[in-house]
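Participant: Here it is, the structure in full.
The values are calculated or read from the model by the stated rules, or taken from the named source; none is laboratory data. If you're wondering where the values come from, they're calculated on a predicted model, not measured in any experiment. Methodologically, a virtual Cβ is constructed for each residue, glycine included, from the backbone with ideal geometry; neighbour enumeration extends over all protein chains shown.
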Amino acid sequence: MFRPDKSILWISLITAYALTSNVVLVFAHSGHKHEEKLRVSLPDVVAKINGEDIRSDNITRELKKALTNYKDRGMPLSTEQEEIAVKKLIDNEIGRALLLQKGKEIGAKISAEMLDKKIKSSFESNAVFEHELKNNKMTIEQYKKQLKAELLMQQVIDREIKPNIKVSESDIKSFYEKNKENFIMGKKARASVILIKAERGDEKSKKLARKKIENALEEIKNGADFSAIATKYSQDSLASKGGDLGYFTKKQMFGAFSSRAFNMNVGEVSEIFKTVHGFHILKLTDLKKGDTLSLDNAKERIERKLRKNKLGSATLSYLEALKQKSDIKMYF
C-alpha cells in the first residue's frame, strides 16, 4: 500500500493552511468513485503569476475530489461554498507557483536519482507502484513531474524557512501546562450508541430515519432506559447489548463517537448526530482517568508539534511576502 511521505509539505485543500498539511503526494486513493459535477465555471487560465499561467486543470480535479469527499461525509457543499473552495484552491496554486519560482531562483535541483529514491521509499514494491499509477490513470512521467515539484518546494522550505524555526524550553513548558489534559495516557471511555440507518442519497430514507431517532431520543428524555431503547430501536449489531460499545481510548474509536464521548459527563446523552452510516445518539456510561505524562516524557512530542505549528505560520508569512513582491493577475 502507498505510504504518504510525511516529510513532504503540500498545500492543503480547502483549509488553505499553506504547505503544512501532510497528505498523500499524488495519489488520493479516489478509486473509481463517481465524479461530482461542478456548478462553477472556470476559465482555462485562472491567474497569472509573474508571467506564468495558472491553469484550471488541477483546480478542477481537486475540487471534484473535495466535492465527492464532502458529499460522502453527508456535508455536500453549496454553490457559495464551492466558489469559496475554488478561491482557496487558486490561492494554493499561487503559493505552489511562487515556491517553485523561488526554487529556480535559489538554484534548487532534483536529480533523477533523488526521484527514484523517493519512489522506492514510498512504495512497498514496483507492483504496488504500478497498480497505483494505473488506478489513478497516471503515467510514471506525470507522477515524477508532480513528485519533482513537491521536492523542489521542500528544498525551498528547508533552506529559506526551517533554519529560522526555534522552539525554546519555555515554549515547551508553557504548552505542557496549558494542555495537560492532552497528556493523560490510558484515559478510557465507555459508551452506548443507538443507530438508525439512512440510505445515502435517499432523502425519503433520511427523513424516516431522522423521525425514528427523534422519537427514540424523546423517549430517553422522558425517562426511558437508554439500553432498553437501544435494544428496541437500534439497527446495528450492538442492539442486543443495549448499544454498549465497551471501553475505548480516544484513538481506538470512530472520530464522531470519541470526539463526543471524551467531552461528555458520565450519564449524559448526546444530541442526534449524523455520519455516513445514518443517525446516532450516544450515552457516556463510564470514564476512567489515566495517568498524566510527565513533562520530560512529553517534551519531544511537544517540540515536534510546536515546530510544525511555527513552520505553518512562518510559511504563510513567507508566501505573503512573496506575493507582495510578485505580479499577480486574477481571472476568477
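Participant: So, in segment 290-331, exactly how many residues are more than 24 Å from the chain's Cα centre (by Cα) and hydrophobic (A, V, I, L, M, F, W, C)?
Facilitator: So the answer is 7.
Participant: Right, another one. Before we move on, is Ile229 free of Cβ contacts under 8 Å to residues at least 40 places away in the same chain, out of contact with any Ser or Thr (no Cβ under 8 Å at 6 or more places or on another chain) and outside the structural domain of Gly74 (by TED's automatic domain parsing)? Full working, then the answer.
Facilitator: On the way: free of Cβ contacts under 8 Å to residues at least 40 places away in the same chain: yes; out of contact with any Ser or Thr (no Cβ under 8 Å at 6 or more places or on another chain): yes; outside the structural domain of Gly74 (by TED's automatic domain parsing): yes.
Yes, satisfied.
Participant: Out of Val128, Val167, which single residue is surrounded by fewer than 18 Cβ atoms within 10 Å (Cβ to Cβ), over 28 Å from Lys104 (Cβ atoms), touching an Asp or Glu at 6+ places or on another chain (Cβ under 7 Å) and not charged (D, E, K, R)?
Facilitator: Val167
Participant: Additional query: State whether one or more residues within segment 206-213 are within 25 Å of Lys305 (Cα to Cα), out of contact with any Lys or Arg (no Cβ under 7 Å at 6 or more places or on another chain), at pLDDT below 95 and not small (Gly, Ala, Ser).
Facilitator: No.
Participant: Going by the conditions given, is Ser192 hydroxyl-bearing (Ser, Thr, Tyr), under 30 Å from Phe254 (Cβ atoms), not assigned by TED's automatic domain parsing to the domain that holds Lys299 and not in a helix (DSSP H, G or I)?
Facilitator: So Ser192 fits the description; yes.
Participant: Here's another thing I want to ask about it. Please state which one of Gln252, Gln235 is among the polar types (S, T, N, Q) and within 29 Å of Lys178 (Cβ to Cβ).
Facilitator: After ruling out the rest, the residue left standing is Gln252.
Participant: Any residue at all in segment 59-76 that's in a helix (DSSP H, G or I) and more than 21 Å from the chain's Cα centre (by Cα)?
Facilitator: No, every residue in segment 59-76 fails to be in a helix (DSSP H, G or I) and more than 21 Å from the chain's Cα centre (by Cα).
Participant: Please verify whether segment 169-187 includes one or more residues that are assigned by TED's automatic domain parsing to the domain that holds Tyr318, among the β-branched types (Val, Ile, Thr), touching a residue at least 60 places away in the same chain (Cβ under 8 Å) and part of a helix (DSSP H, G or I).
Facilitator: Yes, segment 169-187 contains at least one residue that is assigned by TED's automatic domain parsing to the domain that holds Tyr318, among the β-branched types (Val, Ile, Thr), touching a residue at least 60 places away in the same chain (Cβ under 8 Å) and part of a helix (DSSP H, G or I).
Participant: Could you grab me the full set of residues in segment 170-188 that are surrounded by 15 or more Cβ atoms within 10 Å (Cβ to Cβ) and at pLDDT 95 or above?
Facilitator: Within segment 170-188, Asp171, Ile172, Phe175, Tyr176 qualify.
Participant: Let me ask something else about it. Just to be sure before I move on: is Thr231 β-branched (Val, Ile, Thr) and within 28 Å of Ile213 (Cβ to Cβ) in the structure I sent?
Facilitator: yes
Participant: Is one or more of the residues making up segment 211-224 assigned to a helix (DSSP H, G or I), touching a Gly at 6+ places or on another chain (Cβ under 9 Å) and buried (at least 17 other Cβ atoms within 10 Å of the Cβ)?
Facilitator: Looking only at segment 211-224, we keep the residues that are assigned to a helix (DSSP H, G or I), and these are 211-221.
Subset that is touching a Gly at 6+ places or on another chain (Cβ under 9 Å): 213.
If we keep only those that are buried (at least 17 other Cβ atoms within 10 Å of the Cβ) too, we end up with 213.
There is at least one residue in segment 211-224 that is assigned to a helix (DSSP H, G or I), touching a Gly at 6+ places or on another chain (Cβ under 9 Å) and buried (at least 17 other Cβ atoms within 10 Å of the Cβ).
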